[in-house]
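One structure below.
The values are calculated or read from the model by the stated rules, or taken from the named source; none is laboratory data. A quick note: this is a predicted structure, and the numbers were derived from the prediction, not measured. Positions of Cβ are generated from backbone atoms using ideal geometry, with glycine treated the same way; all protein chains shown enter the neighbour counts.
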Amino acid sequence: MGVRILIVEDDERIAAPVADDLRRQRHTVDVAPDGPSGLAYARTGVYDVILLDVMLPEISGIEVCRQLRRERADAMILMLTARDTTEDKVAGLDAGADDYLIKPFDLAELGARLRALGRRQFARRDAVLRSGALSLDPTELRVRCGERPVALTPTEFALLETLMREPLRVFSRTMLFEKVASLDRSAADESIKTHVANLRRKIRAGGCAYDPIETLYGNGYRLAEPP
């Protein structure tokens with residue numbers, strides 16, 4: 001099964017062959033050449049795994065990792081470092097990385113690490129998500145308010161899952177569209193604003209006593225804290 005991968009690496013001699021090899025394995029791959037663009041790509045929330053170089057222009061990989069974890073980004077992060085020192089490894093793991101790989105590395109080893117991270121990511125995503133009385137089961141594709149089921153369209157389900165996976169994060173309409181369009185192309189038929197309105201209505205009709213989605217005007221949406 002292909003995964004969505006972001007490579008944040010300023011050395012094209014490394015990034016290009018790695019990206020080509022991963023695409024041949026049917027993964028979806030984007031490449032960012034520096035820290036700021038890596039953050040911008042990663043904040044779309046569409047990636048399963050991020051390959052993150054430690055030594056990046058403008059913002060270091062350690063700081064990029066730290067910021068993403070502070071924002072509750074749930075992608076698995078594999079740090080790439082040219083220095084085989086305990087300090088570098090500890091710094092990366094303390095910043096929130098899930099694994100590290102020393103450069104130069106073998107593409108076969110990288111592939112094995114990515115498969116392991118992908119399995120961990122998919123296993124983690126199978127867990128039931130909860131917020132107050134609201135629960136979402138990504139395996140059975142069920143949403144409940146207490147014991148009452150809430151019937152949602154695929155787009156509405158994807159929107160709610162996105163918000164519940166990162167409850168402190170604010171998602172713009174563009175970010176939400178990019179997140180759900182890859183799962184349900186019919187999302188293009190209506191605006192995110194309309195889908196959110198329908199999602200709110202159905203959850204309230206299902207017995208939820210409060211609005212589970214908070215609107216931050218001019219910025220987007222995030223999961224509301226239960227009262």
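Checking the structure you have, find out if any residue of region 172-187 is at pLDDT 85 or above, buried (at least 20 other Cβ atoms within 10 Å of the Cβ) and in a helix (DSSP H, G or I). No - not one qualifying residue is present in region 172-187.
Scanning region 106-123 for residues that are farther than 22 Å from V64 by Cα and either more than 18 Å from the chain's Cα centre (by Cα) or of a type outside the set (A, V, I, L, M, F, W, C) (or both) returns D106, L107, A108, E109, G111, A112, R115, R119. Answer with yes or no whether R113 is at pLDDT 85 or above, at negative phi, assigned by TED's automatic domain parsing to the domain that holds E87 and charged (D, E, K, R). When the stated conditions are applied, R113 passes them.
Taking every residue in region 92-120 that is exposed (fewer than 15 other Cβ atoms within 10 Å of the Cβ) and pairing it with any residue that is of a type outside the set (A, V, I, L, M, F, W, C), at least 6 positions away or on another chain, the pairs with Cβ-Cβ distances below 6 Å are L107/D21. Picking from residues in region 21-41 that are among the aliphatic types (A, V, I, L, M) and in contact with a strand residue (DSSP E or B) (Cβ under 6 Å, 6 or more places away or on another chain), the one that is surrounded by the fewest Cβ atoms within 10 Å (Cβ to Cβ) is V31.
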